[in-house]
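Visitor: Supplied in structure tokens, the structure appears directly below.
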Amino acid sequence: MDRLPRVQKARLHEVADSLLEIYQTLAKMRFIDPGGIQKGPHDMKHLLPLYEELGLDPSIIYLYSILPYVDTALAGNSDFFHGGEFVDFRNHDDVKRGRDPFLVGPYGDDFEAEGGPYIRPWVTPLSQLGNHQSVIIYDAREHRIWIIDQEGWSSTDPALRGVPDGQREGVNANSIEHIPSRPAGHVLRDINRWYLSLIELPGGGDNSGLEWSTRSLDLEALYRTHGWPDNFDGEAFEMAQAREYAAYRAKYFAERPLREVNTYRGWSRPTKRMVRMHREKVNIALTTDEEWTARYDLLKAEKLKKRNEDDLKKAQEVADRMCPGGVCQRTEELPLWEAEMLRDESKGKLESAEAHRNWAEEFKDSDPERARYFRVQHHHKEKKARICRMAYEAAKADAERLCPGKSFASATGIKSLGQQDTKTRVQFHRDAVISIERDIQELREWAAQLPEEAMNARERVERDIQVQERALKDMRHMQKTAERWLEKQGNTE
């Protein structure tokens, strides 16, 4: 590696330095904790046997030693660019996965063969695959970068939008050589510039949560409002993000009655179709067993249809009461919704932070590595709890100013947006126990009328009774657990 040409080393350092700038920008954007960014160089001696086994080019081995890495546990987020994730080549599994970053499963070692490998020894990913989407691929010989979508097998580099693929040469459909690429320095500087100009935004992957999704929040407006990039107030941004996300969640909660009505309406046609289908099967049955098996299927379909009709009626009554005219939140009461959601979130985040602190203390001697994990999680959760508490205090002040004399419960008729209280859970389990007991009794009574020839139908009923009996046992256990909690702790959320 020391014998690498000076020009090539300079190129590799350009890649490492440019990635570091991107990571530092993401930290400034409050997407990752800066404490999770770990600069090179790194001691990679323990991985040299693996590098040799995989046949990595010296340029890639050197690059791995100088790249900055994001420790996702410390950083608090693992999502990176275009739905990908941060990669860490200090990790054995990430190094191996780097030879097949798109999970293609190539055959053999002939790059020209059909279904062969596609990541040359001097090529490496600079991100790893998330839930599909894109991976950044770097060619150290050509000093070029591709940004390739796993499913489309095409470039998602915004600067190459509209540029057609080249002509694939050879029979290896896994090859990426025909996909457009650009000089590595240009691509990495552009990624950083896109973040700075908000053309690209952090998050959007499966791990960063809806508070980082542009489908939930107007992140671009939040950044601009709080001075991005030159006069950015990161803490104010995080508070505003917490408040806007709470308002989004409160709206989703408020609209639940309408969603439930739509769900049950959606089931109406299929349940009616199932009843008709099984009724026809009863009519065309050729044997006694076929007839009673079809009758049993019809019985279950009719019960499902009746239950759906009852649930729809109840859901419609709730929707008419909670969302008259399809309006679930009155504009003048929105501050109360936001404050209540933040009150509940703040409480939950604080409890979670305390739990992780206690677990870290519990395992500090018996399992130091596990204790370290809990300490890291406590750090993140405590920070989020602090931001959420500040957001709650601000939202509460706004609610008191804009809705004088009103509380969330008095304005909406809803006690809380938090979890069900213990009394409600106890009653839910009691009602469920009664319902399951009734279902079991009805099945037994129905089975009693079966003729001896209906062997398959009898087996079906007995099997379903066993399933219901297991469900009854579980529900009784949950009921007793809730009742014990109520007795010892009182009525809590």
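FYI, it's all coordinate maths here, none of it is from the lab. Everything quoted here is computed from the prediction, not taken from an experiment. FYI the Cβ positions are ideal-geometry reconstructions off the backbone, even for glycines, and counts take in every protein chain you see.
Visitor: To test your reading of the geometry: what angle, between 0 and 90 degrees and rounded to tens, separates the Cα axis of helix 234-254 from the longest principal axis of the chain?
Guide: Roughly 30 degrees, rounded to the nearest 10.
Visitor: So what is the calculated 222 nm ellipticity per residue for the chain, using -39500 (n - 2.57) for each DSSP H run with n of 4 or more, over all residues, to the nearest 500 deg cm²/dmol? Spell out each step's value before the answer.
Guide: Details: 15 runs with 285 residues, N = 493.
Only helices count here, giving -19500 deg cm²/dmol.
Visitor: Please give, to one decimal in nm, the separation of the simple spin-label points placed at Glu142 and Arg273, each 7 Å out from Cα toward the Cβ.
Guide: 5.0
Visitor: Suppose every K and R has +1 on its Cβ and every D and E has -1 on its Cβ; what is the size of the dipole of region 6-207 about the Cα centre, in Debye to the nearest 20?
Guide: The calculated dipole for region 6-207 is roughly 760 debye.
Visitor: Still on this model: How would region 6-207 be classified by its alpha-carbon gyration tensor: rounded, prolate or oblate, with rounded meaning a/c under 1.5 and the a/b versus b/c comparison settling the rest? Please list the in-between numbers first.
Guide: On the way: a/c = 1.55, a/b = 1.18, b/c = 1.31.
Oblate.
Visitor: Still on this structure, please answer the following. Please work out how much length the chain gains when fully extended from Glu235 to Arg265, using 0.36 nm per residue of separation minus the C-alpha to C-alpha distance, in nm with one decimal. Don't skip to the end; give the middle numbers.
Guide: Numbers: separation 30, 0.36 × 30 = 10.80 nm, distance 4.46 nm.
Roughly 6.3 nm would be gained on extension.
Visitor: Could you sort the peptides 225-233, 209-217, 361-369 by per-residue average Cβ neighbour count (10 Å cutoff), highest mean leading?
Guide: Values: 225-233: 13.4, 209-217: 15.0, 361-369: 11.3.
Answer by packing, highest mean first, reads 209-217, 225-233, 361-369.
Visitor: Please identify which residues in region 282-304 have an amide N closer than 20 Å to a label point set 7 Å out from the Cα of Glu452, following the Cα→Cβ vector.
Guide: Those under the cut-off are 287-293.
Visitor: For Gln167 and Ser216, calculate 0.36 nm times their separation in residues minus their Cα-Cα distance, and state this gained length in nm to one decimal. Walk me through the numbers on the way to the answer.
Guide: Numbers: separation 49, 0.36 × 49 = 17.64 nm, distance 4.00 nm.
Roughly 13.6 nm would be gained on extension.
Visitor: Among Thr331, Pro158, Leu54, whose Cα lies farthest out toward the positive end of the dipole of the chain, if unit charges sit on the beta carbon of Lys, Arg (+1) and Asp, Glu (-1)?
Guide: Going by the charge dipole, the pick is Thr331.
Visitor: For the chain, with the dipole built from +1 on Lys and Arg beta-carbon atoms and -1 on Asp and Glu ones, taken about the Cα centre, which of Pro106, Ala247, Val135 lies farthest toward the positive end?
Guide: Result: Ala247.
Visitor: If you work out P(r) over Cα pairs in 20 Å bins from 0, in percent from the coordinates, which of [x] 20, 51, 25, 4, 0; [y] 18, 46, 31, 5, 0; [z] 17, 37, 34, 12, 0 do you get?
Guide: Only one option fits the structure, namely [z].
Visitor: How many nm separate the modelled label positions at Asp17 and Glu317, each set 7 Å beyond the Cα in the direction of the Cβ?
Guide: With each label point 7 Å from Cα toward Cβ, the separation is 7.2 nm.
Visitor: Still on this model: Under 1.5 on a/c is rounded, so check that first for region 419-492, then, if it is not, pick prolate when a/b is larger than b/c and oblate when it is not; a ≥ b ≥ c are the square roots of the alpha carbon gyration tensor eigenvalues.
Guide: Values: a/c = 4.84, a/b = 3.71, b/c = 1.31.
Judged from the Cα gyration tensor, region 419-492 comes out prolate (a/c at least 1.5, a/b above b/c).
Visitor: Going by how many other beta carbons lie within 10 Å of each one, how would you line up Arg265, Arg120, Arg3, fewest first?
Guide: Details: Arg265 13, Arg120 17, Arg3 5.
Least crowded to most crowded, the residues run Arg3, Arg265, Arg120.
Visitor: Something else about it: Highest first, please rank the peptides 69-81, 346-358, 270-282 by the mean number of other Cβ atoms sitting within 10 Å of their residues.
Guide: Values: 69-81: 21.5, 346-358: 16.8, 270-282: 15.0.
Highest to lowest by the protection proxy: 69-81, 346-358, 270-282.
Visitor: Describe numerically, in nm with one decimal, the distance between label points set 7 Å from Cα along Cα→Cβ at Arg476 and at Gln441.
Guide: 1.5
Visitor: Also: Is the shape of region 138-293 best called rounded, prolate or oblate, per the rule: a/c under 1.5 gives rounded, else a/b larger than b/c gives prolate, else oblate, with a ≥ b ≥ c the square roots of the Cα gyration tensor eigenvalues?
Guide: On the way: a/c = 4.75, a/b = 1.48, b/c = 3.21.
In terms of gyration-tensor shape, oblate.
Visitor: Could you work out how far helix 6-28 tilts from the main Cα principal axis of the chain, as a 0 to 90 degree angle to the nearest 10?
Guide: Between helix and principal axis, roughly 40 degrees.
Visitor: While we're here: Under the 0.36 nm per residue contour assumption, what length would be gained going from the current alpha-carbon distance of Asp310 and Arg224 to full extension? Walk me through the numbers on the way to the answer.
Guide: Values: separation 86, 0.36 × 86 = 30.96 nm, distance 4.93 nm.
Extra length from Asp310 to Arg224 when fully extended: 26.0 nm.
Visitor: For helix 368-402, what angle does its Cα long axis make with the longest principal axis of the chain, in degrees from 0 to 90 and rounded to 10?
Guide: Here the helix axis deviates by roughly 70 degrees.
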